[in-house]
Amino acid sequence: MKILILNGSPKRDASDTMHLTRAFTDGMNEVQKNEIHTVHVIDRHIEYCTGCFSCMRNGGECIHQDDMRELLEEILRSDLLIFSFPLYCYGMPAPLKVLIDRTLPLSSMSMKKVGDHYEHIGQTDFSHLKYLMICGCGFPNSKQNFEPAVAQFKLMFRDNHTVITVPESPMFNAPEAVEVTVPRLSLVKEAGRQYAKYGMIEAALMEQITSPMIPEEIYAQIVNGGQSAL
Ligand SMILES: Cc1cc2nc3c(=O)[nH]c(=O)nc-3n(C[C@H](O)[C@H](O)[C@H](O)COP(=O)(O)O)c2cc1C
């Protein structure tokens, strides 16, 4: 399987969230070797969408000549897109959102009704793509935190999507937290194995993965007390 990791963290490989993403793909690779390419979105030249819609008309092209041309080709050559990003202001970091805006050339202006909503009709066939969101965040609470980003992801990628959210994720870069982060990464690796085998992750495993690693209050105390680099 061709996997494209779109890393939305400006911290590149040092990203807290990328610990989760690497554990997941390690699990997938145990089932079957995959071809994996990671793009640090922050390093790519991607202009803002100007909203001119010329790309969506008559098989048109984007007015910008930047890295997005190559990235769109790579996206279409992939089987699985992994959007790995930290939660920023309840959403995704801006560079990743800019990249997603710029996938507009894949769609046409025409729209069709699908169930209870409308969707643009594609100019290109990308129905083979699967989408995975892996998102870390700095607060210990999952509720009242991840919902807007998850809702946006599910609306954008209605078919074949899977979502993994993990709170307290700065702990993945804190050596003093290995007692809890190593077992969590093992669970995420198991999720990768399940996904590779069955295309889905058991609900019970998902619940374990998305829960805080240490009690919320203790995490907040550590952060507030300045006892660690969290
Ligand atoms: C601009 C900015 C906005 C943030 N917004 C949130 C937020 O809404 N909720 C949250 O729990 N953490 C928030 N955080 C914390 C990050 O999600 C957290 O530090 C995360 O572990 C960083 O992951 P990374 O190392 O993969 O980039 C924010 C951090 C920054 C820099």
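The values are calculated or read from the model by the stated rules, or taken from the named source; none is laboratory data. These numbers were taken from a predicted model, which means no experiment stands behind them. Cβ placement follows ideal geometry from the backbone for every residue including glycine, while neighbour counts extend to all protein chains displayed.
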Legend entry - Residue among K143, K154 that alone is more than 13 Å from the ligand (Cβ to nearest atom) and under 18 Å from A203 (Cα atoms): K154
Legend entry - G199 vs. criteria loosely packed, with under 13 Cβ neighbours inside 10 Å, modelled with pLDDT under 95 and not acidic (D, E): no
Inset, instruction - Report yes if C55 is closer than 18 Å to S169 by Cβ and either buried (at least 19 other Cβ atoms within 10 Å of the Cβ) or within 16 Å of the ligand (Cβ to nearest atom) (or both), otherwise no. - result: no
Inset, instruction - State which residue pairs qualify: first residue in contact (Cβ under 8 Å) with a residue 60 or more places away in the chain and inside region 55-69, second residue surrounded by fewer than 16 Cβ atoms within 10 Å (Cβ to Cβ) and outside any loop (DSSP other than H, G, I, E, B) in any location, beta carbons under 6 Å apart, and separation of 6 or more residues or different chains. - result: M56/M109
Legend entry - Selection count where residues are of a type outside the set (A, V, I, L, M, F, W, C) and within 15 Å of the ligand (Cβ to nearest atom), scope region 114-140: 3
Inset, instruction - Working only within region 35-45, note down all residues that are outside any strand (DSSP E or B) and more than 12 Å from the ligand (Cβ to nearest atom). - result: D43, R44, H45
Legend entry - Pairs with Cβ under 7 Å, 6+ apart, first in region 75-100 and in contact (Cβ under 8 Å) with a residue 12 or more places away in the chain, second near the ligand (Cβ under 10 Å from one of its atoms) and charged (D, E, K, R): P86/D16
Inset, instruction - For region 148-158, state whether one or more residues are of a type in the set (G, A, S), within 15 Å of the chain's Cα centre (by Cα) and under 27 Å from D116 (Cα atoms). - result: yes
Inset, instruction - Quick one: count up the residues across region 1-34 that are within 12 Å of the ligand (Cβ to nearest atom) and β-branched (V, I, T). - result: 2
